Amino acid sequence: MAYQLKINGRTHAVDVDGDTPLLWVLRDVVGLTGTKFGCGMAMCGACTVHIDGNPVRSCSFPVEAVGKQAVTTIEAIGRTPAGQRIQAVWVARDVPQCGYCQSGQIMSACALLQQNPRPTEADVDAAMSGNLCRCGTYPRIKAAILMAAANAPAKG
């Protein structure tokens, strides 16, 4: 079936079965390979993307459920203020080790900051609890998110 998907601000026409996971449409059809396959069961977070600003696990999200909602992937998250701050502190805090989970970690962190610009440590723990890191960089991830929140512009 044909779908018109708004991905990273551009419209992409795709012809796939409606139950095809969004992950495979992004990677195999559209060619955006920054979103990673981890577990295939929506449990590790490596495949996290935003649908209208909300984090979703693209490995279990059928393309037919996207509708007219905007999809944002790791390739475009740096265009957002939260994405710019997160990417800058990710480098400053030397967060990645192997790096495989990092696109999902960044997408979840950006969603948190977009929804809650000044999260507490408990907020960070709750928002990031579904993202697994085999290398165990959780302390650096948490520190980077809190640093990005501290660098958020004041509302006014």
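Could you check the range 132-150 and list, in sequence order, the residues that are closer than 16 Å to Pro117 by Cα and exposed (fewer than 13 other Cβ atoms within 10 Å of the Cβ)?
The answer is Ala150, and nothing else.
Please give the number of the condition Val89 fails out of (1) touching a helix residue (DSSP H, G or I) at 6+ places or on another chain (Cβ under 8 Å); (2) free of Cβ contacts under 8 Å to residues at least 12 places away in the same chain.
(2)
Of everything in the range 118-131 that's surrounded by 15 or more Cβ atoms within 10 Å (Cβ to Cβ) and at pLDDT 95 or above, which residue is farthest from Ala154 (Cα to Cα)?
Asn131
Quick test for you: out of Gly45, Gly34, Gly78, pick the one residue that is under 14 Å from the mean Cα position of the chain (by Cα) and assigned to a helix (DSSP H, G or I).
From the options Gly45, Gly34, Gly78, the qualifying one is Gly78.
How many residues does the range 114-140 hold that are under 15 Å from Val95 (Cβ atoms), part of a helix (DSSP H, G or I) and either within 14 Å of the chain's Cα centre (by Cα) or of a type in the set (Ser, Thr, Tyr) (or both)?
From the range 114-140, those under 15 Å from Val95 (Cβ atoms) are 124, 128, 131-140; that's our starting set.
With part of a helix (DSSP H, G or I) added as a condition, the list becomes 124, 128, 138-140.
Going one step further and asking which of them are either within 14 Å of the chain's Cα centre (by Cα) or of a type in the set (Ser, Thr, Tyr) (or both), we end up with 128, 138.
Counting residues in the range 114-140 that are under 15 Å from Val95 (Cβ atoms), part of a helix (DSSP H, G or I) and either within 14 Å of the chain's Cα centre (by Cα) or of a type in the set (Ser, Thr, Tyr) (or both) gives 2.
Regarding Gln97, is this residue within 18 Å of Gly34 (Cβ to Cβ) and without any contact (Cβ under 8 Å) to a residue 24 or more places away in the chain? Lay out the reasoning, then the answer.
Details: within 18 Å of Gly34 (Cβ to Cβ): yes; without any contact (Cβ under 8 Å) to a residue 24 or more places away in the chain: no.
In short, no.
Hey, can you tell me all the residues within the range 108-127 that are aliphatic (A, V, I, L, M) and in contact (Cβ under 8 Å) with a residue 60 or more places away in the chain?
If the condition is that a residue be aliphatic (A, V, I, L, M) and in contact (Cβ under 8 Å) with a residue 60 or more places away in the chain, then Ala111 is the only one that fits.
The values are calculated or read from the model by the stated rules, or taken from the named source; none is laboratory data. As the structure is a computational prediction, the values presented were derived from the model and not from experiment. Here the Cβ is made from the backbone with ideal geometry for all residues, glycine too, and neighbour counts use every protein chain on show.
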